[in-house]
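Asks: Quick one: the structure is below, questions incoming.
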Amino acid sequence: MSAFTYRGGILHAETVPLDRLAAECGTPCWVYSSAALERRYLDFAAAFAGLNATICYALKANGNQAVIATLARLGAGADIVSEGELRRALAAGVPATKIVFAGVGKTAAEMAAALDAGILQFNVESESELRQLSALAASRDRRAPVALRINPDVDARTHAKITTGKSENKFGIDIARAEEVARLAAGLPGIDLKGIAVHIGSQLAEIDPFRDAFARAADVARRLIAQGHRLARLDFGGGLGVPYRGEALTGGNNVADAAPGLADYVAAVRAALRDLDVQLVLEPGRYLVAEAGILLARVIYMKDGRAKRFAIVDAAMNDLLRPALYEAYHPIRPVIEPEPDTAPLLTDVVGPVCETGDVIAVDRTLPPLKDGDLIAIFMAGAYGSVMSSTYNARPLAPEIMVKDDRFEIVRPRQTYDQLIGLDRLPQWLEETVAGPVRRVRR
Ligand SMILES: *Cc1c(COP(=O)(O)O)cnc(C)c1O
């Protein structure tokens, strides 16, 4: 059941009415349900019970401290892709021993920080990275725990911008070279080869690509073990999709967007593992947080163009980039429940940003909206706020977490002073401008 439901004709987050929340916090704002986060994590963890699995939440999906802390309290680790995410994970209480570091371009400084923190595993994606990491670890008299991320050359059949496991993608080590690179790893003084990792993309709608990729990764692990490598871990990445057009939200039968079930996903993992006695690492991002968040917005103006009816709302592509970037679909509901017999109208929901691509929804059947109405943009908990920018000098929207009938601002709205105040004037312009912008103190 969704955490966002109508109660007495008003859309609620858990038991908080969203009109009240909007009045107190302003719009646009992100609203997260802690119950939804917890339920999702616990379901996921329960599905892997008995498999010696460490669940490392991919916090690039949503890096808010309150979100990470909610999951960490339940036992989640973290999958990170930068030093910033390392710091976010540690600050939110994720133990270093449950952190895996992914990414094709980890810098020496980032790897040093992760080594010093004592993380569980580096997922290494190239020989250059392997040598760099070895040198850093050796200089500390340490051996870095490493999984080789292989590129299995499997088509994830998801959006081209979020597929990562094809040979032409920048990610991973070509599967054909896995044994050679493992030999190199075994000979380097600062490397402790612990496992094999694979991650083929995001928002996967089918199980078959997972099955192929897991099987290939497990085969590589079996070969390496047979050759004498002592592998203790298999990391099967993230990527499990969610039903953006799912039945729960559209009341419909949209099979085209059906996401795979958790049970099928677990079955694919089990099938690949078979006899292998290893620790399993999983890196779900979207699956844990997408449904737990909405973007709450207000209609500024309705506008009837010659060809289209527009709802111009106060959330835009700088807040939620996914529709502009991936033509992603997000369900939309008005906060005040429409009468059951209301005839819907074809509407484009757009933001105020000066770009034609600034769309939230195109040709959507929505109940008639009017100026000032509140809308909720669903399934916005993953890759929402984290991808926001301040384009058009629009301050970052606040994030709010709900628990039962309580809500708290877990990141305030950025102020205009904060927005402008990061800029600095060079000395030769200093006298000409008054305001929050100051010259860099040298
Ligand atoms: C993005 C990413 C994830 C999480 O992907 P989701 O689709 O959000 O589950 C996991 N692992 C790696 C290496 C990633 O890059």
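Asks: What's the Kirkwood radius of region 1-110 in Å, using all Cα pairs? Could the numbers behind the result be given before it?
Replies: Details: mean 1/r = 0.0636 Å⁻¹.
About 15.7 Å, per the Kirkwood formula over Cα pairs.
Asks: Using θ = phi - 60° and the Karplus relation 6.51 cos²θ - 1.76 cosθ + 1.60, list the HN-Hα couplings for region 93-101 in order, rounded to whole Hz, with x at every Gly or Pro.
Replies: Result, ordered by residue: x, 7, x, 4, 6, 10, 10, 10, 10 Hz.
Asks: Continuing with this model, one more query. In nm, to one decimal, how far is the Val104 label point from the Gln427 one, both placed 7 Å along Cα→Cβ?
Replies: Each label point lies 7 Å from its Cα, and together they span 4.3 nm.
Asks: Same structure, new question: Pull up the DSSP beta bridges for the chain and report the antiparallel fraction as a percent, rounded to 5.
Replies: Of those bridges, close to 45 percent are antiparallel.
Asks: Starting from the 7 Å offset along Cα-to-Cβ, what nm value, one decimal, do you get for the label separation of Ala343 and Asp404?
Replies: For the pair Ala343/Asp404, the computed spacing is 4.6 nm.
Asks: While we're looking at this one, here's another question. Under a Cβ-only charge scheme (Lys and Arg +1, Asp and Glu -1), can you give me the dipole magnitude of the chain about the Cα centre, in debye to the nearest 20? Kindly include the intermediate steps, with their values, before the conclusion.
Replies: On the way: 51 positive and 54 negative charges, 207 e Å.
For this selection, approximately 1000 debye.
Asks: Work out how much length Ile207 to Val362 would gain on full extension: take 0.36 nm times their residue separation and subtract the Cα-Cα distance, in nm to one decimal.
Replies: Details: separation 155, 0.36 × 155 = 55.80 nm, distance 2.90 nm.
Result for the pair: 52.9 nm of gain on full extension.
Asks: For Cα pairs less than 8 Å apart in space and 6+ apart in sequence, what is the mean separation divided by the residue count of the chain, i.e. the relative contact order in percent? Could the numbers behind the result be given before it?
Replies: Values: 988 pairs, mean separation 78.7, N = 442.
Relative contact order for the chain comes out at 18 percent.
Asks: For Thr390 and Arg309, calculate 0.36 nm times their separation in residues minus their Cα-Cα distance, and state this gained length in nm to one decimal. Spell out each step's value before the answer.
Replies: On the way: separation 81, 0.36 × 81 = 29.16 nm, distance 2.69 nm.
Working it through step by step, the gained length comes to 26.5 nm.
Asks: Any idea what the dipole of region 277-398 comes to, in debye rounded to 20, about its Cα centre with Lys/Arg Cβ at +1 and Asp/Glu Cβ at -1? Write down the numbers at each step before the final one.
Replies: Numbers: 11 positive and 16 negative charges, 69 e Å.
Dipole about the Cα centre, nearest 20: 340 debye.
Asks: Something else now. Please report Lys166, Lys303, Lys370 as a ranked list, fewest other C-beta atoms within 10 angstrom at the top and most at the bottom. Walk me through the intermediate numbers first.
Replies: Numbers: Lys166 17, Lys303 13, Lys370 10.
So the residues, fewest neighbours to most, are Lys370, Lys303, Lys166.
Asks: Dipole magnitude of region 1-49 about its Cα centre, charges +1 at Lys/Arg Cβ and -1 at Asp/Glu Cβ only, in debye to the nearest 20? It would help to have the intermediate numbers written out before the result.
Replies: Details: 4 positive and 5 negative charges, 15 e Å.
Once rounded to the nearest 20, the dipole reads 80 debye.
Asks: Exactly which GluC sites (Glu not before Pro) in region 173-246 are in a DSSP loop and have at most 16 other Cβ atoms within 10 Å?
Replies: Numbers: sites: Glu179, Glu180, Glu206; in loops: Glu206.
Here the GluC sites (Glu not before Pro) that fit, given the DSSP loop and packing criteria, are Glu206.
Asks: Which whole-number value in Å³ per residue fits the convex hull of the alpha carbons of the chain?
Replies: 168 Å³
Asks: Right, here's the next one. Pairs Lys106/Lys170; Lys60/Lys161; Lys98/Lys194; Lys60/Lys98; Lys161/Lys303: which exceed 23 Å Cα-Cα? Don't skip to the answer; put the middle values down first.
Replies: Details: Lys106/Lys170 14 Å; Lys60/Lys161 16 Å; Lys98/Lys194 14 Å; Lys60/Lys98 16 Å; Lys161/Lys303 33 Å.
Check vs 23 Å cut-off fails for Lys161/Lys303.
Asks: Work the Kirkwood hydrodynamic radius out for region 103-282: mean of 1/r over every pair of different alpha-carbon atoms, inverted, in Å.
Replies: Numbers: mean 1/r = 0.0586 Å⁻¹.
For region 103-282, the Kirkwood estimate is 17.1 Å.
Asks: Toward the positive end of the charge dipole of the chain, about the Cα centre and with charges on Cβ (Lys, Arg +1; Asp, Glu -1), which of Gln427, Met317, Tyr57 goes farthest?
Replies: Of the options given, the answer is Gln427.
Asks: While we're looking at this one, here's another question. Are there trypsin sites (Lys or Arg not before Pro) in region 266-302 that DSSP puts in a loop and that have at most 12 other Cβ atoms within 10 Å, and which ones?
Replies: On the way: sites: Arg270, Arg274, Arg286, Arg298; in loops: Arg274.
Passing sites in region 266-302 are Arg274.
Asks: Right, here's the next one. Which of Ala178, Ala114, Ala69 sits closest to the plus end of the dipole of the chain, meaning its Cα is farthest towards the positive end, when Lys and Arg get +1 and Asp and Glu get -1 on the C-beta?
Replies: Positive-end residue among those listed: Ala114.
Asks: Right, here's the next one. Between Glu180 and Ser167, what is the label-point separation in nm under the 7 Å Cα-to-beta-carbon projection?
Replies: Here the modelled spin labels are 1.3 nm apart.
Asks: Also: Test of understanding: extend the Cα→C-beta vector of Asp141 to 7 Å, then name every residue of region 99-120 with backbone N under 18 Å from that spot.
Replies: Hits in region 99-120 for Asp141 at 18 Å: 115-118.
Asks: Something else: Out of all DSSP beta bridges in region 103-282, what portion is antiparallel? Express it as a percent rounded to 5. Walk me through the numbers on the way to the answer.
Replies: Numbers: 1 of 19 bridges.
Looking only at bridges with both residues in region 103-282, the antiparallel portion is about 5 percent.
Asks: Let me ask something else. Taking Lys308 as the anchor, which aspartates and glutamates have their alpha carbon closer than 18 Å to its alpha carbon, excluding any fewer than eight residues away along the same chain?
Replies: List returned: Asp348, Glu355, Asp358, Asp363, Asp371.
Asks: For region 119-264, what does the relative contact order come out to in percent, with C-alpha contacts under 8 Å and a separation of six or more?
Replies: Values: 282 pairs, mean separation 34.0, N = 146.
Relative CO of region 119-264 lands at 23 percent.
Asks: Rank these for me by crowding, His159, His330, going from fewest to most other beta carbons within 10 Å.
Replies: Numbers: His159 16, His330 23.
Exposure proxy ranking, most exposed first: His159, His330.
Asks: For region 408-432, list residues with backbone N below 17 Å from a point placed 7 Å from the Cα of Glu24 toward its Cβ?
Replies: 408-413
Any read-out appearing in this document is the output of simple, stated calculations on the displayed coordinates, not a laboratory observation. Values in this document were obtained by computation on a predicted structure and should not be read as measured data. A quick note on method: Cβ atoms are made from the backbone with ideal geometry, for glycine too, and the neighbour counts reach across all protein chains shown.
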